[in-house]
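Note sheet for the following structure.
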Amino acid sequence: MAAGGDVLGLSLLSEGSVPPSILAAVFALLLFMILFITKMMGYFKVLLNIVTFTYPNAVVSVKGNPCIQERALNRLIESGSIPEVLALVRSYGFGIDIGDYATMEEIDRWFEEYFRRECTEIEHMAPDSVQPFFRAFCMFQETEVLKAAFRLKHARVAAREMESLLGPAGILSQPLVQKMIDARNVDEQVRLLQPTVYGPPLLSALGDVAMERTTLPFERALDTFACEHLRSSLAHSDALQTPALMSFVAFYFDITNIKIALRGVRDGVEMAVLAQYFLPMGHHITREVQKRMAEARSVQDIHAHLQHTPYFEAFDSALLAYEKSGSLQPIEAALDRALLEAVIRLSLVYHSGPAPLLRYLVAKKFELQNVRAIIWGLQNRIAPETVKTLLIRQGGAA
């Protein structure tokens, strides 16, 4: 009977005698399964992204950034000597490998190398979904080494002194940096870099260098190249992570462009020349605002052009200090604090993505800047209250 039933079922199927209600039920079930699997794939992708960021975010969370915190900074400022400052910094997890009585130049060199190592570590630790972005971010450290190498060679600084000021960074290996130190001139340095990604942009700037007789065209070419790489990296990063990355890039470009305008006005740079140094447009500093800042005749003019941007308040709080001292440092410190607060907010909103890694790197740079300012204050017997105005701390003004 069972065999007969099977044959009957097959014959019904072959003759198209399956009831429409059963066909509709099967179709509905298949459609539901397809929709369910599609929906779950979206959730699975989100979950996978969270999992891939768990380890690197946990690492930077454990390491932390103590030297932007009020308590740690107060302890450092109250230190009576440079060895005491360095001992405290070591206790905060900084692997300092310099003597207690190192010169300011040696300390600067170590801080620069330390930050480059931190950037490289985060680049290697970052998930594949954002690897292109962190590779591009590290390029800014590489371009700083190249710009320093060009300036030193153009100024005919001796090779021995250059060795004390330059170190490897990312794809710029120690052997390559040494070859640049030993090069006869800047042109030979550029030839050495032709096999690298920096070769083509530097080669295109060679004519302007010969005409202007400075290395500034190389610096403009490197800045433009690094910024274009950073922006293009967004297209190669995971779409789930791009909102956090795009927000950071916008803040970074905005604040850097304000600093460029400030220094240009201070140094009396012509509008057409200053415009060449602006980074790509961020978010609030539009092309029109850039143009107005380039045309500004004073720092106060730049301040007025920022009235409808989030940077106006930070700028406003430091303007009085600038007018008293004539130094841009209070305004630049206020802008740095604005960048730090912006990246902290991003790390809270996008806590399961790359924002905590960005927060760590930005804060690390300011930590090193803070420690350097405190050491400089001790060396030059600067009053602690004055040193405090130089510090970038979490939670607002100094």
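Among the criteria (1) over 24 Å from residue 355 (Cα atoms); (2) among the hydrophobic types (A, V, I, L, M, F, W, C); (3) open to solvent by 60 Å² or more (accessible area, probe 1.4 Å); (4) not in a helix (DSSP H, G or I), the one residue 272 does not fulfil is (4).
Just one of the numbered conditions (1) open to solvent by 10 Å² or more (accessible area, probe 1.4 Å); (2) in a helix (DSSP H, G or I); (3) more than 16 Å from residue 77 (Cβ to Cβ) is not true of residue 352: (2).
Can you go through 146, 166, 193, 202 and tell me which one is in contact with a strand residue (DSSP E or B) (Cβ under 8 Å, 6 or more places away or on another chain) and buried (at least 20 other Cβ atoms within 10 Å of the Cβ)? Before the answer, list the steps.
Working: 166 fails: in contact with a strand residue (DSSP E or B) (Cβ under 8 Å, 6 or more places away or on another chain); 193 fails: in contact with a strand residue (DSSP E or B) (Cβ under 8 Å, 6 or more places away or on another chain); 202 fails: in contact with a strand residue (DSSP E or B) (Cβ under 8 Å, 6 or more places away or on another chain).
Selected residue: 146, the only one of 146, 166, 193, 202 that is in contact with a strand residue (DSSP E or B) (Cβ under 8 Å, 6 or more places away or on another chain) and buried (at least 20 other Cβ atoms within 10 Å of the Cβ).
Return a yes/no flag: does the range 294-315 have any residue that is over 24 Å from residue 234 (Cβ atoms), open to solvent by 30 Å² or more (accessible area, probe 1.4 Å) and of a type in the set (A, V, I, L, M, F, W, C). Scanning the range 294-315, I find at least one residue that is over 24 Å from residue 234 (Cβ atoms), open to solvent by 30 Å² or more (accessible area, probe 1.4 Å) and of a type in the set (A, V, I, L, M, F, W, C), so the answer is yes.
Within the range 141-163, residues that are of a type in the set (Lys, Arg) sit with their Cβ atoms under 9 Å from residues that are not in a helix (DSSP H, G or I), at 6+ positions apart or across chains, in these pairs: 147/215; 151/157; 151/215; 153/183; 153/184; 153/185; 153/215. As a summary of the residue check, residue 71 satisfies the conditions (1) closer than 25 Å to residue 350 by Cβ; (2) surrounded by fewer than 10 Cβ atoms within 10 Å (Cβ to Cβ); (3) at pLDDT 85 or above except for the one numbered (1).
Give 218, 253, 225 a once-over and let me know the one that is among the aromatic types (Phe, Trp, Tyr), open to solvent by less than 60 Å² (accessible area, probe 1.4 Å), within 19 Å of residue 346 (Cβ to Cβ) and touching a residue at least 24 places away in the same chain (Cβ under 8 Å). Going through 218, 253, 225 in turn, just one is among the aromatic types (Phe, Trp, Tyr), open to solvent by less than 60 Å² (accessible area, probe 1.4 Å), within 19 Å of residue 346 (Cβ to Cβ) and touching a residue at least 24 places away in the same chain (Cβ under 8 Å): 253. Considering every residue within the range 90-109, establish whether at least one is at pLDDT 90 or above, closer than 13 Å to residue 372 by Cα, in a helix (DSSP H, G or I) and open to solvent by less than 20 Å² (accessible area, probe 1.4 Å). For the range 90-109, residues at pLDDT 90 or above, closer than 13 Å to residue 372 by Cα, in a helix (DSSP H, G or I) and open to solvent by less than 20 Å² (accessible area, probe 1.4 Å): absent. Open to solvent by 10 Å² or more (accessible area, probe 1.4 Å), without any contact (Cβ under 8 Å) to a residue 24 or more places away in the chain, closer than 29 Å to residue 294 by Cα and not in a helix (DSSP H, G or I) - does that describe any residue in the range 326-341? So far as the range 326-341 goes, yes, one or more of its residues are open to solvent by 10 Å² or more (accessible area, probe 1.4 Å), without any contact (Cβ under 8 Å) to a residue 24 or more places away in the chain, closer than 29 Å to residue 294 by Cα and not in a helix (DSSP H, G or I).
The values are calculated or read from the model by the stated rules, or taken from the named source; none is laboratory data. Only a predicted model underlies this, so the values are computations on that prediction, with no experimental measurement involved. Virtual Cβ from ideal backbone geometry, glycine too; neighbours counted across all protein chains shown. Just the protein is used for accessible areas: all its heavy atoms, side chains included, with ligands, DNA and RNA removed. Shrake-Rupley method; radii C 1.70, N 1.55, O 1.52, S 1.80 Å.
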